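K.L.:
A single structure is presented below for examination.
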Amino acid sequence: MAQVARPHHGLLSFLDTDGKPHPVENSFAAATLLIGVIAFITAHFPHLHLVSSWMGLVGIITGLWGQLISATTGERFLLIIGLGAAGVGFYLGMAHGGLFGGVLG
């Protein structure tokens, strides 16, 4: 008997290419992408090095965990984009002043 195809209606439902919902994995992908974009944008302003370095570090950690638990290719695609942006933001933030901005040094 043929099963009824039920379309998923959600903000990130396009990531569920296997037909099953993955709310936790999709949330990690979206969060990593958002944090990576914030880190990447703030890295272009040297006086925002605290924001870019911390957001980059958090983006790298969430992206790596998201890669570990990801279930579909769409999630992995967003995670890699977010990881790359977070990495650039982290490294430029570190070059402009680091995580503590001279407070401890």
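K.L.:
Which one is least open to solvent (accessible area, probe 1.4 Å), of the residues in the stretch 77-99 that are over 16 Å from T42 (Cβ atoms) and in contact (Cβ under 8 Å) with a residue 24 or more places away in the chain?
P.N.:
Residue satisfying both the conditions and the ranking: L79.
Yes/no per residue for (1) charged (D, E, K, R); (2) within 15 Å of the chain's Cα centre (by Cα):
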| site | (1), (2) |
| --- | --- |
| G19 | no, no |
| A29 | no, yes |
| A43 | no, no |
| M55 | no, yes |
| A71 | no, no |
| E75 | yes, yes |
| L78 | no, yes |
| G82 | no, yes |
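K.L.:
List, please: which pairs have Cβ atoms under 8 Å, are six or more places apart or on different chains, and start with a residue in the stretch 55-72 that is surrounded by fewer than 23 Cβ atoms within 10 Å (Cβ to Cβ) and end with one that is modelled with pLDDT under 95 and outside any helix (DSSP H, G or I)?
P.N.:
Matching pairs, first to second residue: L57/L99; A71/D18; A71/K20; A71/H22; T72/D16; T72/T17; T72/D18; T72/H22.
Every residue, every condition in (1) touching a Phe, Trp or Tyr at 6+ places or on another chain (Cβ under 8 Å); (2) at pLDDT 95 or above, yes or no:
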{"site": "P7", "(1), (2)": "no, no"}
{"site": "L11", "(1), (2)": "no, no"}
{"site": "K20", "(1), (2)": "no, no"}
{"site": "F40", "(1), (2)": "no, yes"}
{"site": "L57", "(1), (2)": "yes, yes"}
{"site": "I60", "(1), (2)": "yes, yes"}
{"site": "T72", "(1), (2)": "no, no"}
{"site": "L79", "(1), (2)": "yes, yes"}
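K.L.:
Another one. Consider only pairs whose beta carbons are under 7 Å apart and that are at least six residues apart or on different chains; among these, list those whose first residue lies in the stretch 22-50 and is closer than 17 Å to F100 by Cβ and whose second residue is outside any helix (DSSP H, G or I) and open to solvent by 30 Å² or more (accessible area, probe 1.4 Å).
P.N.:
H49/G97; H49/G101; L50/G101
K.L.:
Quickly run through the stretch 41-57 and pick out the residues that are in a helix (DSSP H, G or I), among the hydrophobic types (A, V, I, L, M, F, W, C) and touching a helix residue (DSSP H, G or I) at 6+ places or on another chain (Cβ under 6 Å).
P.N.:
If the condition is that a residue be in a helix (DSSP H, G or I), among the hydrophobic types (A, V, I, L, M, F, W, C) and touching a helix residue (DSSP H, G or I) at 6+ places or on another chain (Cβ under 6 Å), then L48, V51, M55, L57 are the ones that fit.
The values are calculated or read from the model by the stated rules, or taken from the named source; none is laboratory data. As the structure is a computational prediction, the values presented were derived from the model and not from experiment. Note that each Cβ is placed from the backbone with ideal geometry, even for glycine, and that neighbours are counted across all protein chains shown. Ligands, DNA and RNA are stripped out before the accessible areas are found, and what is left, the full protein with its side chains, is counted by its heavy atoms. Shrake-Rupley method; radii C 1.70, N 1.55, O 1.52, S 1.80 Å.
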